[in-house]
Amino acid sequence: MRLFGTNGIRGKVGENFTPDFLSKVGLAIGAYLPRGNNVVVGMDTRVSGEMVKNAVVSGLLASGVNVIDVGLAPTPAIQFYTKNHGDFGIAITASHNPPEFNGVKAIAGDGTELPREEEERIEKIFFSKSWRIVSWKDVGKYQKIEGANEEYIKGILSHVDVEKIRKRKFVVVVDCANGASCFTTPYLLERLGCRVISLNCHSDGTFPGHESEPKEENLQDLISVVGDVSADLGIAHDGDADRAIFVDDRGRFISGDKTLALVAREIVKNKGGKVVTPVSTSLIVEKVVKENGGEVVYTKVGAPIVARKMIEVGAVFGGEENGGMIFPEHQYCRDGAMTLAKILEIMAKSGKKLSEMIDALPRYYQKKISVSCSDDKKVKVLETLKEKLKDEKIDTVDGIKIWGENWWILIRPSGTEPIYRIYGEARDKEILDSLIEKYKRALEGTIASIS
Ligand code: MG
């Protein structure tokens, strides 16, 4: 049985997220930690935040660990505070999920997302109910602190050329989706000398502005305001602000792989080195990194996996194409506000507009399809397909990735649905369509051959 999903423990308030369940999550985490440890706890703007937090905190205190409550804060700010002041951290957030959801995300003492094997240790305690309820005099201490967001903003400012950015007096439209970035991003921009025009920048856990996933269809207001005021750029975060998505000065929604490539290029250009990204990332990243003397290291899909690989290989940068970028000089986790500061620094140093830099990137076509496959067949299908494709140039970091000249295809079982996904990218649209068709047939044939 599992408690943690790919991004913490997620649930619906009033259904599985009850005070009883959540205090047991607190008890399990409390028993996993040594007595007297300091746990940093913070939350996003969801209506249920206080309920969820207080239930988890109760379990922690009853286990004899101390709690430092940082209040409302983006996930990367909670991670930053944990790295600097805590032995462990918890972010009460469901990231971009609808408002009726909430979540409990576990953070290791170094600020990184907790690795899977440690989550398993917590799950073991949870399912066996091996709590550690301490006596009345050993109950943990609770402390509410102010200033975690300020410390986080200062951390970001220490890693960019503030004077250079301030001189440009950028006009920036920011859409916080009524989420946790309301407490940080507008103020960070102000410190960077920008004229800030804010949308959905008041904390409201019903998410009245739009759904908190920063997809193009949810960012229509941002796109039109950027055009109306002739802004230099628009920026949107997801609910817990570990990701950043941009709109350029021409009012165009920029997909996350392009900003990832842009930042990767600038970092490698200055320092060389390794860039870590999942196997599903666009070729644009590899192209620009290689051209500038760097190297790309591919991992399985998942931000914590990217972060750990970055530590292992001493990478200079890493990230995902959903707008989640990791800057090792700051911290080993996705950080939306740090991404924004870096993009502004790149614009300030180059003197170019965001649209010009985006248009200068190589262009590729992408496509994603799915093929039904029952969960019990998935492993066998993957093994059989690997054998079938062994004469091609393949890579099996996550699923099967087939490499060609200026194209790749990735065939990967979904972790949550009874399907296989086929992702593809190529320089030419017709070539991409025919490749997707070819591997779709190979996959369907393999699925049919397994009883
Ligand atoms: Mg998020």
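Overview of results
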| read-out | value |
| --- | --- |
| From Glu217, Glu266, Glu213, residue being within 16 Å of the ligand (Cβ to nearest atom) and of a type in the set (Asp, Glu) | Glu213 |
| Filtered residue count, the range 89-98, keeping only those that are β-branched (Val, Ile, Thr) and either open to solvent by 10 Å² or more (accessible area, probe 1.4 Å) or near the ligand (Cβ under 10 Å from one of its atoms) (or both) | 1 |
| Sole exception among (1) free of Cβ contacts under 8 Å to residues at least 40 places away in the same chain; (2) open to solvent by less than 10 Å² (accessible area, probe 1.4 Å); (3) more than 17 Å from Ala180 (Cα to Cα) for Lys53, by number | (3) |
| Test: residue in the range 376-385 that is of a type in the set (Asp, Glu) and touching a helix residue (DSSP H, G or I) at 6+ places or on another chain (Cβ under 7 Å) | no |
| Residue match in the range 12-35 (condition: within 16 Å of the ligand (Cβ to nearest atom) and in contact (Cβ under 8 Å) with a residue 24 or more places away in the chain) | no |
| Filtered residues of the range 249-261 (kept if among the charged types (D, E, K, R) and more than 16 Å from Asp221 (Cβ to Cβ)) | Asp249, Arg250, Asp257, Lys258 |
| Which numbered condition Ser158 fails, given (1) within 16 Å of the ligand (Cβ to nearest atom); (2) open to solvent by 10 Å² or more (accessible area, probe 1.4 Å); (3) among the hydroxyl-bearing types (Ser, Thr, Tyr) | (1) |
| Number of the condition not met by Phe207 [criteria: (1) open to solvent by less than 10 Å² (accessible area, probe 1.4 Å); (2) hydrophobic (A, V, I, L, M, F, W, C); (3) within 16 Å of the ligand (Cβ to nearest atom)] | (1) |
| Enumeration of residues in the range 223-245 that are away from the ligand (no atom under 16 Å from the Cβ), open to solvent by less than 10 Å² (accessible area, probe 1.4 Å) and either in contact with a Cys (Cβ under 9 Å, 6 or more places away or on another chain) or within 17 Å of Ile346 (Cβ to Cβ) (or both) | Ala231, Leu233, Gly234 |
| Any hit, the range 269-278, residues being in a loop (DSSP other than H, G, I, E, B) and either under 28 Å from Ala91 (Cβ atoms) or within 21 Å of the chain's Cα centre (by Cα) (or both) | no |
| Which numbered condition Lys290 fails, given (1) modelled with pLDDT of 95 or more; (2) crowded, with 20+ Cβ neighbours inside 10 Å | (2) |
| Enumerated helices (runs of 4 or more DSSP H) restricted to the range 283-375, each holding at least 3 residues that are under 25 Å from Cys176 (Cα atoms) and touching a residue at least 40 places away in the same chain (Cβ under 8 Å) | 303-313, 336-350, 354-359 |
| Any hit, the range 99-109, residues being open to solvent by less than 10 Å² (accessible area, probe 1.4 Å), assigned to a helix (DSSP H, G or I) and within 12 Å of the ligand (Cβ to nearest atom) | no |
| Complete set of residues in the range 42-96 that are in a helix (DSSP H, G or I) and touching a Leu at 6+ places or on another chain (Cβ under 7 Å) | Val52, Ala55, Val56, Gly59, Ala62 |
| Test: residue in the range 396-405 that is over 25 Å from the mean Cα position of the chain (by Cα), open to solvent by 40 Å² or more (accessible area, probe 1.4 Å), of a type in the set (D, E, K, R) and at pLDDT 95 or above | no |
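The values are calculated or read from the model by the stated rules, or taken from the named source; none is laboratory data. Because the structure is a prediction, the values reported are computed rather than measured. Cβ sites come from the backbone with ideal geometry, for glycine too, and all protein chains shown count toward neighbours. For accessibility, only protein heavy atoms count, side chains too; no ligands or nucleic acids. Shrake-Rupley method; radii C 1.70, N 1.55, O 1.52, S 1.80 Å.
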